[in-house]
Amino acid sequence: MDRFRVPRTKELEFGGVLGAALLVAVMPATVFYLLLTCKSEPASLLNVPLPLPTFRSLWSPQDFVLVLAWIGLQAVLYMLPMGKVTEGIALRDKTRLQYRINGSHAMLVTALVLGAGLAAGLRLSYVYDHFLQLAFSASLLAFGLSVLLYLKALLAPETAMAPGGNSGNPIYDFFMGHELNPRIGAFDLKFFCELRPGLLGWAVINMAMLVKETELRGSPSLAMILVNAFQLLYVVDAFWHEEAILTTMDIVHDGFGFMLAFGDLTWVPFLYSLQTYFLVTHPQKLSLLVAAGIILLNGLGYSIFRGANSQKNTFRRNPADPKVAGLRTIPTATGRRLLVSGWWGFVRHPNYLGDLIMAFAWSLPCGLSHILPYFYVLYFTLLLVHREARDEHQCLRKYGLAWQEYCRRVPYRIFPYIY
Ligand code: NDP
């Protein structure tokens, strides 16, 4: 087991042990506070939605089984021998883990199963009617999974500990994730949870909101159609470029613990769908002109996001690729180079800029009367500013002087001329 040991984590993130302990409580509380507020008539963040739900009102064995069945279906699809097998980046011991890339297949099969269900009379609006209970079940499962992951890391690790989740403090390591790539045989738990149940669940939840709105008002609104279409594009894009996730911070650096488990299984599907949930109870009228403006804004965000991510992925996979071979670069002591022209010469995190523009476009169809549907863009700005700082810290450690030179030549982090 010695080869799984990594140096103790000395620099604690997220406010250290206290911050981690608080976040274990604050993350679920935020989900339920926002969902309850969103369903209430005023949908105001200052009005505490009363009465507060009790365990009995949230706990539903049927909904628990439903969430479990959804995760089970995705797990079965993940294990099917469809799609190619690829290698992740080299680990500390120079080995590489293998990953099956079959997310697009899983998405297609899920769409077929859903389509067949709808044709057979499946009432998708059940998801809206039982939204809090389903979110509660997902939260319980995320907690349960996090406990099992922590125990597995202590008792039966199969891969190295995460460099950022090896402090020795149980609360901190439980939150950050102790083991880097926990697996059961070839089943990679973190890779599976990162996209499958949560991201596909988000798209299905959005669809359920559209069905509910149609049941209530006879047809889906333009606002509902736009948010569904924008977010579906984002989800399909993530599955289409599934392999790119293997080089992200979540897979390479962060362990699999409460932060990612709760994020993947509860936060993403139930909070990222806040706009469509809001639109069911707070219908909005959009003129075609405003809708066209919002579509253009989303298109702009998407092209920056996709352009930047693809440019870096192509460059990291094959710097001689004609698509990136003409870009200017800085050499680093590690042998890897940093792009200083193209998207990565515009700002240091152009992909975050594109993502944030899209996030804004997803909120605009909800009108300007409430702040609640803007939760996503506000939270996402904080998340990406914090993530950017974490990444800068790691890049400075990795690339030293070359990174300083990059920062000098590309002075803005995310927003040109602002930040
Ligand atoms: P990034 O894709 O931004 O990757 C950062 C890494 O890129 C760095 O660590 C460095 O790694 C490399 N890099 C940085 N600058 C350069 C350069 N100039 N030239 C070449 N390589 C460079 O990481 P994330 O995982 O944070 O983001 C991936 C995508 O996921 C983004 O679009 C982000 O917006 C999105 N995202 C979405 C979330 C959501 O909830 N919707 C949550 C988090 C992220 P190295 O040099 O080692 O290759």
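Which residue, Pro331, Gly307, Gln394, has the largest displacement toward the positive end of the dipole of region 288-419 when charges sit on each Cβ (Lys, Arg +1; Asp, Glu -1)? The Cα lying farthest towards the positive end belongs to Pro331. Placing R0 at 22 angstrom, the Cβ-Cβ distance between Leu289 and Thr214 gives a FRET efficiency of 0.35 after rounding to 0.05.
What shape does region 143-260 take by its C-alpha gyration tensor, where a ≥ b ≥ c are the square roots of the eigenvalues and a/c under 1.5 counts as rounded, a/b above b/c as prolate, and the rest as oblate? Verdict is prolate for region 143-260.
Cross-link partners of Lys285 among aspartates and glutamates, defined as those whose alpha carbon lies under 19 angstrom from its own and excluding same-chain residues fewer than eight positions apart: Glu41, Glu213, Glu215.
Fewest neighbouring Cβ atoms within 10 Å first, the residues His349, His253 line up as His253, His349.
Of the trypsin sites (Lys or Arg not before Pro) in region 243-317, which ones lie in a loop per DSSP and count no more than 14 other C-beta atoms within 10 Å?
Lys285
With +1 assigned to the C-beta of every Lys and Arg and -1 to the C-beta of every Asp and Glu, and no other charges, what is the dipole magnitude of the chain about the Cα centre in debye, to the nearest 20?
1020 debye
Counting other Cβ atoms within 10 Å, which chymotrypsin sites (Phe, Trp or Tyr not before Pro) in region 292-392 have at most 16 and lie in a DSSP loop? Within region 292-392, the qualifying chymotrypsin sites (Phe, Trp or Tyr not before Pro) (loop, at most 16 other Cβ atoms within 10 Å) are Phe346.
Specify which residue in the list Leu112, Tyr126, Pro49 is farthest towards the positive end of the charge dipole of region 38-151, using unit charges on the beta carbon of Lys, Arg (+1) and Asp, Glu (-1), about the Cα centre. Comparing the listed Cα positions along the dipole, Leu112 ranks first.
Compared with the dominant principal axis of the Cα atoms in the chain, helix 16-39 is inclined by about 30°. Ratio of Rg to Rh for the chain: 0.96 [Cα atoms; Kirkwood radius as inverse mean 1/r over pairs]. So what's the gap between the Cα centers of region 331-381 and region 225-242, to the nearest angstrom? Going from one Cα centre to the other spans 16 Å.
For region 38-104, applying the loop criterion from DSSP together with a ceiling of 14 other beta carbons within 10 Å to the chymotrypsin sites (Phe, Trp or Tyr not before Pro) yields Trp59.
By the count of other C-beta atoms within 10 Å, a proxy for reagent exposure, Lys323, Lys39 are ordered fewest to most as Lys323, Lys39. Report, in degrees rounded to the nearest 10, the 0 to 90 angle that the Cα long axis of helix 350-363 makes with the longest principal axis of the chain. With both axes taken from Cα atoms, the answer is about 10 degrees.
When Ser363, Ser369, Ser44 are sorted by how many other C-beta atoms sit within 10 angstrom of their C-beta, beginning with the fewest, the order is Ser369, Ser44, Ser363. List the lysines whose Cα lies under 22 Å from the Cα of Lys398, skipping any in the same chain that are fewer than 8 positions away. The reachable lysines, counting only those whose Cα sits under 22 Å from Lys398, are Lys10, Lys94, Lys312. If you plug the beta carbon distance of Ala156 and Asp237 into 1/(1 + (r/R0)^6) with R0 = 45 Å, you get a FRET efficiency near 0.80.
The separation of region 139-204 from region 254-318, counted between C-alpha centres, amounts to 24 Å. Subtracting the Cα-Cα distance of Arg336 and Lys84 from 0.36 nm times their residue separation leaves 88.1 nm of extension gain. Positive-end ranking of Leu286, Val268, Asn351 along the dipole of region 244-355, with charges on Cβ about the Cα centre, is headed by Asn351.
Just so you know, all these numbers are worked out from the coordinates, no wet-lab data involved. Keep in mind it's a predicted model, so treat the numbers as computed, not measured. Because the Cβ atoms are built from the backbone with ideal geometry, glycine has one as well, and the counts that use them run over all protein chains shown.
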